[in-house]
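To start, the structure under review is shown below, and the notes come after it.
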Amino acid sequence: MISITKKEFQQLAAFIKKNYGIHLKEEKEALVTGRLQNVLVQNNFSSFSEYYDYIVSDRSGDAAVTLIDKITTNHTFFMREADHFLYLKNHVLPYLKYTVYDKDLRIWSAGCSSGEEPYTLAMLVDEFFGKEKMWWDAKILATDISNEVLDIAKAAVYNTDRISVLPPEWRLNYFKKIDSENSIVTERVRDEVIFRKFNLMERNFPFKRKFHTIFCRNVMIYFDSETKKDLVNKFYDMTEPGGYLFIGHSESLNREESRYKYIMPAVYRKELP
């Protein structure tokens, strides 16, 4: 077991904070050490200082990607915090249906992990619009910084137990059995989700048009208050007037600082002018 010194941990934590916004507290030292052991051993590093030098000198960026894949916890599941999807179905989509006149509906799943959230959104949108869906451009943008989870999401294969929480008609209409253990999301739904690698710490968001709805749930728990404030401001600037931001139930926005209006727990709205 290669141990990490306090200085090495602080050095690594500072790099991660600067480049990815993730704030690693001192109590995460053991977790970081454990998750990175195999990386150090496989690359024949004798210390975390050697590993750090390797990361910062790697111009391809692959070493940093591996680092983030190892230290982030990509825990998600279908219908997580289901009241958000009910609110989207019963309040947000009916509003957007009659106010998005060009029928170009823009929804962003930021920090999409292994794909359960954006595929749920795509299925919900498909069910809501029904036959009218053919007249809408309602693709879901799904982004994450981890190549590993994006590959899982693009494959769209899920264990039968994982999709058991979905409505029976969804399992019937939107999934195709591969074998007794696994099912794949139908091509029709897969085509409605665009997966991209994206770092939320980018200074400028490169999107040409604003979003009607942004889901960024259980991502900001990794950020300190200043990083979180900056990100929420960028989200606000990328939200259409009347649009919504959904965050995790374990997260909250400072109502005195945020320009979003509080709607219900973990749901906020950019008010109309």
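In this structure, does THR213 turn out to be in contact with a strand residue (DSSP E or B) (Cβ under 9 Å, 6 or more places away or on another chain), modelled with pLDDT of 95 or more, of a type in the set (S, T, N, Q) and surrounded by fewer than 21 Cβ atoms within 10 Å (Cβ to Cβ)? So THR213 does not fit the description; no. Within the range 149-174, the residues that satisfy the criterion of being surrounded by fewer than 17 Cβ atoms within 10 Å (Cβ to Cβ) and of a type in the set (Ser, Thr, Tyr) are THR160, SER164.
Please specify each residue of the range 1-25 satisfying the condition of being assigned to a loop (DSSP other than H, G, I, E, B) and either among the aromatic types (Phe, Trp, Tyr) or in contact with a Gly (Cβ under 9 Å, 6 or more places away or on another chain) (or both).
Residue satisfying the conditions is MET1 alone.
In the range 114-137, is there at least one residue being in contact with a helix residue (DSSP H, G or I) (Cβ under 7 Å, 6 or more places away or on another chain), of a type in the set (S, T, N, Q), closer than 17 Å to THR186 by Cβ and assigned to a helix (DSSP H, G or I)? Yes, the range 114-137 contains at least one residue that is in contact with a helix residue (DSSP H, G or I) (Cβ under 7 Å, 6 or more places away or on another chain), of a type in the set (S, T, N, Q), closer than 17 Å to THR186 by Cβ and assigned to a helix (DSSP H, G or I). Count of the range 111-145 residues, restricted to those that are within 30 Å of ILE68 (Cα to Cα), buried (at least 22 other Cβ atoms within 10 Å of the Cβ) and in contact with an Asp or Glu (Cβ under 8 Å, 6 or more places away or on another chain), is 6.
Screening SER49 on (1) more than 24 Å from ASN199 (Cβ to Cβ); (2) exposed (fewer than 14 other Cβ atoms within 10 Å of the Cβ); (3) touching a helix residue (DSSP H, G or I) at 6+ places or on another chain (Cβ under 9 Å) shows it passes everything except condition (2).
Filtering the range 156-184 to residues that are outside any loop (DSSP other than H, G, I, E, B), farther than 27 Å from MET220 by Cβ and in contact with a strand residue (DSSP E or B) (Cβ under 9 Å, 6 or more places away or on another chain) leaves VAL157, ASN159, THR160, ILE163, ARG171, TYR174, PHE175, LYS176, LYS177, ASN182, SER183, ILE184.
Selection within the range 250-273: residues that are among the basic types (Lys, Arg) and assigned to a loop (DSSP other than H, G, I, E, B). The member of this set that is farthest from PHE215 (Cα to Cα) is ARG255.
Evaluation of ASP104 against the conditions (1) farther than 29 Å from GLU226 by Cα; (2) within 22 Å of the chain's Cα centre (by Cα); (3) surrounded by fewer than 17 Cβ atoms within 10 Å (Cβ to Cβ); (4) at pLDDT below 95 shows that the sole unmet condition is (4). Within the range 4-19, restricting attention to residues that are charged (D, E, K, R) and crowded, with 17+ Cβ neighbours inside 10 Å, which residue is farthest from the chain's Cα centre (by Cα)? Taking the candidates together, the pick is GLU8.
Each row is one residue, and each column tells you yes or no for (1) in contact with a Leu (Cβ under 7 Å, 6 or more places away or on another chain); (2) among the aliphatic types (A, V, I, L, M); (3) in the same structural domain as ILE140 (by TED's automatic domain parsing).
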position: LEU200; (1), (2), (3): yes, yes, yes
position: PHE205; (1), (2), (3): no, no, yes
position: THR227; (1), (2), (3): no, no, yes
position: MET238; (1), (2), (3): no, yes, yes
position: TYR244; (1), (2), (3): no, no, yes
position: GLY248; (1), (2), (3): no, no, yes
position: ARG259; (1), (2), (3): no, no, yes
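Report whether or not LEU86 is free of Cβ contacts under 8 Å to residues at least 40 places away in the same chain and assigned to a helix (DSSP H, G or I). Answer is yes for this residue.
Scanning the range 95-103 turns up one or more residues that are over 13 Å from CYS216 (Cα atoms), of a type in the set (Ser, Thr, Tyr) and free of Cβ contacts under 8 Å to residues at least 40 places away in the same chain. Residues in the range 224-241 that are in contact (Cβ under 8 Å) with a residue 60 or more places away in the chain and surrounded by fewer than 16 Cβ atoms within 10 Å (Cβ to Cβ): ASP224 alone.
The values are calculated or read from the model by the stated rules, or taken from the named source; none is laboratory data. Computed from a prediction, not measured in an experiment: that's the story for all the values here. Reconstructed Cβ throughout: ideal geometry from the backbone, glycine too, with neighbour counts over all protein chains shown.
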